[in-house]
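Written out below as structure tokens is the structure these notes cover.
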Amino acid sequence: MVEPVPRIETSQGEAEREVKPLPHLRLGVLISGSGTNLQAIIDACESGRLPAAEVALVVSNVAGATGLQRALRHRLPAIYLPWREREESEQRLAALLELFRVDLVVLAGWMRILSADFLARFPRRVINLHPALLPDDPSADVYIASDGSSIPAFRGLHAIRQALEAGVKVTGSTVHYVTPAVDAGPVLCRAEVPILEGDSEETLHERVKAVEHRLVIEAIERWRARELLPQR
């Protein structure tokens, strides 16, 4: 399940102070495929589930990505960015994010590794959804599940397949800060998903994605609380 946000106790005097509005959050969402997590973010922004936030830009490195059409249906800026030579492509991507004044970059099915130089331009401002349970300690090779079992930390592109091949009983999804080390940044939140008898890579992936749709919203809210609210 999604880990709860710790409750912050306040004194009566603090409670009576004027509550300041949330700082407005401009999101840049990077995709390579269907964009179901992008859709979850759009829906949360439009419904008010994610208040004072908007998708300011959607970028895909795949010309025919369905996620681009999702963005266009909501009249959002949607850009296809061919990914050829990495340094040049990253320069163009960074320029777009700066042009659209993006506060937080969300990798939602983005299938390209970003360099340390790129990440240095957006310190602590890039987060990623990874379809596996990653430990808090980036040097650890296992995650301890809620039932006490030890699960390998499946990093990289084929985490769903690896979980099935390993025969573990639970997997899930993690949202973490992006660092130069792949799938090793500080964890924002995670959620477990049981692996059912007869699961295929496709059926398990669909259930993981369903959990990710609310997990990514939780992660964005936590990021804002950590990175923007303390600055006010």
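Here is a yes/no grid of residues against (1) out of contact with any helix residue (DSSP H, G or I) (no Cβ under 6 Å at 6 or more places or on another chain); (2) within 28 Å of Ala181 (Cβ to Cβ):
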position: Cys45; (1), (2): yes, no
position: Leu50; (1), (2): no, no
position: Leu57; (1), (2): yes, yes
position: Leu72; (1), (2): yes, no
position: Ala94; (1), (2): no, yes
position: Val102; (1), (2): yes, yes
position: Val106; (1), (2): yes, yes
position: Phe118; (1), (2): no, yes
position: Arg121; (1), (2): no, yes
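Restricting attention to the range 169-204, the residues that are buried (at least 17 other Cβ atoms within 10 Å of the Cβ), touching a helix residue (DSSP H, G or I) at 6+ places or on another chain (Cβ under 9 Å) and of a type in the set (Val, Ile, Thr) total 7.
When the range 38-61 is filtered for residues that are touching a residue at least 40 places away in the same chain (Cβ under 8 Å) and either surrounded by fewer than 18 Cβ atoms within 10 Å (Cβ to Cβ) or under 18 Å from Asp103 (Cα atoms) (or both), the ones remaining, listed by number, are Leu38, Ile41, Ala44, Arg49, Leu50, Ala53, Ala56, Leu57.
Would it be correct to say that Arg73 is within 19 Å of the chain's Cα centre (by Cα), at pLDDT 95 or above and of a type in the set (Lys, Arg)? Break it down stepwise before answering.
Details: within 19 Å of the chain's Cα centre (by Cα): no; at pLDDT 95 or above: yes; of a type in the set (Lys, Arg): yes.
It is false that Arg73 is within 19 Å of the chain's Cα centre (by Cα), at pLDDT 95 or above and of a type in the set (Lys, Arg).
Answer yes or no as to whether Asp183 is under 23 Å from Ala116 (Cα atoms) and either among the charged types (D, E, K, R) or touching a Gly at 6+ places or on another chain (Cβ under 6 Å) (or both). Criteria met by Asp183.
Being modelled with pLDDT of 95 or more, within 25 Å of Val29 (Cβ to Cβ), among the acidic types (Asp, Glu) and part of a helix (DSSP H, G or I): is that true of Glu202 here?
Details: modelled with pLDDT of 95 or more: yes; within 25 Å of Val29 (Cβ to Cβ): yes; among the acidic types (Asp, Glu): yes; part of a helix (DSSP H, G or I): yes.
So Glu202 passes the test.
Within the range 157-178, the residues that satisfy the criterion of being touching a strand residue (DSSP E or B) at 6+ places or on another chain (Cβ under 9 Å) and either in the same structural domain as Phe118 (by TED's automatic domain parsing) or part of a loop (DSSP other than H, G, I, E, B) (or both) are Val168, Lys169, Val178. Scanning the range 125-150 for residues being of a type outside the set (D, E, K, R), surrounded by 14 or more Cβ atoms within 10 Å (Cβ to Cβ) and farther than 14 Å from Asp183 by Cβ gives a total of 1. Criterion applied to Ala95, Ala116, Ala120, Ala108 was being at pLDDT 95 or above and surrounded by 17 or more Cβ atoms within 10 Å (Cβ to Cβ), and the one residue passing it is Ala108.
The values are calculated or read from the model by the stated rules, or taken from the named source; none is laboratory data. Treat the numbers as computed from the prediction; the structure is a model and nothing was measured. Cβ sites come from the backbone with ideal geometry, for glycine too, and all protein chains shown count toward neighbours.
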